[in-house]
Structure formats: structure tokens, C-alpha cells
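Please read the structure below before turning to the comments.
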Amino acid sequence: MTEMTEIIDLNEEEMYVKVEPGCTYAKLGIYLDKHGLALSNYASLPHITIGGAISTSTHGSGYHNQILASSVISFEMLYLCAKYSWLSLSSIS
């Protein structure tokens, strides 16, 4: 994931941002701040990656906050066997 660190898209109208899994919370926070935006919860350490936090159910800072992955609305996966899948949380319910 160390080479997949980019912020791909920010949709301010629908209020979502698309990032690569190696993007850190520090990088995303700085980017969002430049647009007058922020996440509701951040990793307590700046070097934690989005993909790492999602895959390990990492918690953020604050007793009443949910895990960091709770702000994810969809994700894409490419398996080693070249199989591809996309999951949207709205398709689960």
C-alpha cells in the first residue's frame, strides 16, 4: 500500500472523498482542511493509513466515536488472482 497513497477525488456536492488505501489520515486531513472540510473522527496517530484502519477496525480518538471504518461508504478490492469486486454499504442492507 505504500505506493498507493493518492487522493483521487473529492465530491463536495455529495460529500465524499475517494482515496487509495495507502493514503494517511494526516494527508487526508490536510487536504480536506484546504477545502474547509474534515472527517468526524481521525486516527490518533498521523501515519495510520485509510486501508490499514479499515482492515483492522482501528478506533479513532474519543470515547464516543465509532471505529474509523464507520465513515466508509464503499470500497473496491483487487485480489491477487486478478478478481475484482466492489462493495457499497448501501447494497448490504
Partners for Lys83 among lysines (Cα-Cα distance below 25 Å; same-chain residues under 8 apart left out)
Lys18
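Nearest 500 deg cm²/dmol is fine: what mean residue ellipticity at 222 nm does the chain get from its DSSP H runs of n ≥ 4 alone, each adding -39,500 (n - 2.57), divided by its residue count?
Details: 2 runs with 17 residues, N = 93.
Mean residue ellipticity at 222 nm (helix-derived): -5000 deg cm²/dmol.
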Of the listed peptides 42-49, 27-34, 12-19, what is their order by residue-averaged count of other C-beta atoms within 10 Å, with the highest listed first?
42-49, 27-34, 12-19
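Name the shape class, rounded, prolate or oblate, that the alpha-carbon gyration tensor gives for the chain, where a ≥ b ≥ c are the square roots of its eigenvalues, rounded holds for a/c under 1.5, and otherwise prolate holds if a/b is larger than b/c and oblate otherwise. Don't jump to the answer; show the numbers that get you there.
On the way: a/c = 1.35, a/b = 1.31, b/c = 1.02.
Rounded, since a/c falls under 1.5.
How do His64, His35 stack up against each other in accessible area, from largest to smallest, with a 1.4 angstrom probe? Don't skip to the answer; put the middle values down first.
On the way: His64 165, His35 75 Å².
Per-residue accessible area, sorted high to low, gives His64, His35.
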Taking amide hydrogens as modeled 1.01 Å from N in the peptide plane, which residues meet the under 5 Å criterion relative to Met4, leaving out close sequence neighbours?
Gly22
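The values are calculated or read from the model by the stated rules, or taken from the named source; none is laboratory data. Bear in mind that the values here come from a model prediction, so they are computed numbers and not experimental data. Ideal geometry is used to build each Cβ from the backbone, glycine not excepted, and the neighbour counts take in all protein chains shown. For the accessible areas, the whole protein counts, side chains as well, though only heavy atoms, and no ligand, DNA or RNA atoms are used. Shrake-Rupley method; radii C 1.70, N 1.55, O 1.52, S 1.80 Å.
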